[in-house]
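Structure, as structure tokens:
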Amino acid sequence: EFSLEIFKLAGKKQIKTAYVSNGYASEETLNFLRPHLDFLNIDLKTFNSENYSRIIGGKLENVLSAIKTSYKMGIWIEIVTLLIKDFNTDEAELNLMAEFIADISVDIPWHITAFHPCYKMSDKPATDETIIRKAFKIGKEKGLRYVYAGNIQSSDMENTYCPKCGELLVERNYYSIGSFNIKPNTEKTGKCP
């Protein structure tokens, strides 16, 4: 309710609203937020039901359902997976994640981010760039148009390219934009030059 009140005020000022989520949202909750929610960032922590239950204390099926429902409702969604060695970096699991996202829409951005040890997981190693590159390649092979590496500096995996012609549209370096090459059009959606 508190978020909804803020979202309503933001909407009156033409400010877009977003939720960073663990993906635990019922259809009822999404319907409640939808009139004033523009964007939903959903963590897909693993594609292994046992790991979701044992480590995270949740159910993978609930997160997958929230992702599907959010997309069907027309909420702009982006999926984030923090890659942790020996937890969710198995090639078969990465393939399942990418297939799941692509089956909903190849236009859903998938952010694959590097893990850095801290707090209750200080015993795990930092994610090696080779793991990020493997996940990036799998996402692209499954047809995802927008796969992004995070928490590492790697310009070739941070940029946005036109899925039709390959033109560089947005050049990124961590949190900085180097160039922005999207041209406005009459539908106000932007287009490749």
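The values are calculated or read from the model by the stated rules, or taken from the named source; none is laboratory data. Please read all numbers here as calculations on a predicted model, not as lab measurements. Note that each Cβ is placed from the backbone with ideal geometry, even for glycine, and that neighbours are counted across all protein chains shown. Surface accessibility is based on the protein's heavy atoms, side chains included, excluding ligands, DNA and RNA. Shrake-Rupley method; radii C 1.70, N 1.55, O 1.52, S 1.80 Å.
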- Item | Stretchable slack from LYS16 to LYS68, in nm (0.36 nm times residue separation minus alpha-carbon distance) | 16.5 nm
- Task: Compute, for ARG133, the solvent-accessible surface of its heavy atoms (probe 1.4 Å) with the complete set of protein chains present, and express it in square angstrom to the nearest 10.
- Result: 100
- Query: Looking at this model, which pairs from LYS16/LYS85; LYS16/LYS45; LYS59/LYS142; LYS59/LYS164; LYS8/LYS120; LYS59/LYS124 are more than 30 angstrom apart at the alpha-carbon?
  - Reply: LYS16/LYS85; LYS59/LYS164; LYS8/LYS120
- Task: Would you kindly state how much longer the chain becomes between ARG133 and GLU27 on full extension, computed as 0.36 nm times their sequence separation minus their alpha carbon distance, in nm to one decimal?
- Result: 34.7 nm
- Item | 1.4 Å probe accessible area per residue over the chain, in Å² | 59
- Task: Compare HIS116, HIS111, HIS36 by solvent-accessible area with a 1.4 Å probe and give them largest first, with all protein chains kept in place.
- Result: HIS116, HIS36, HIS111
- Message: Pairs of alpha-carbon atoms within less than 8 angstrom and 6+ residues apart define the contacts here; what relative contact order does the chain have, in percent?
- Response: 13
- What does the accessible area of THR113 come to, in Å² to the nearest 10, when a probe of 1.4 Å is used? 20
- Query: Given labels modelled 7 Å from the Cα in the Cβ direction, how far is it in nm from LYS164 to LYS183?
  - Reply: 1.2
- Note on the structure: Of 41-47, 26-32, 58-64, ordering from highest average Cβ density within 10 Å down gives 41-47, 58-64, 26-32
- Rounded to whole angstroms and listed largest first, the alpha-carbon spread of the chain along its three principal axes comes to 48, 41, 31
- How are the Cα pair distances of the stretch 53-149 distributed, in percent, across 10 Å bins from 0? 15, 45, 33, 6
- Query: Ranked by accessible surface with a 1.4 Å probe, highest first, in what order do SER122, SER49 come?
  - Reply: SER122, SER49
- Task: Just the number, please: carbon plus sulfur as a percent of the accessible area of the chain, 1.4 Å probe, no ligands or DNA/RNA counted.
- Result: 52
- Can you give the helix-only mean residue ellipticity at 222 nm for the chain, where every DSSP H stretch with n ≥ 4 adds -39500 (n - 2.57) and the sum goes over all residues, rounded to the nearest 500 deg cm²/dmol? -9500 deg cm²/dmol
- Query: Quick one: length gained pulling LEU4 to MET121 fully straight, 0.36 nm per residue minus the C-alpha distance?
  - Reply: 38.8 nm
- With a 1.4 Å probe and all protein chains in place, put ASP123, ASP38 in order of accessible area, largest first. ASP123, ASP38
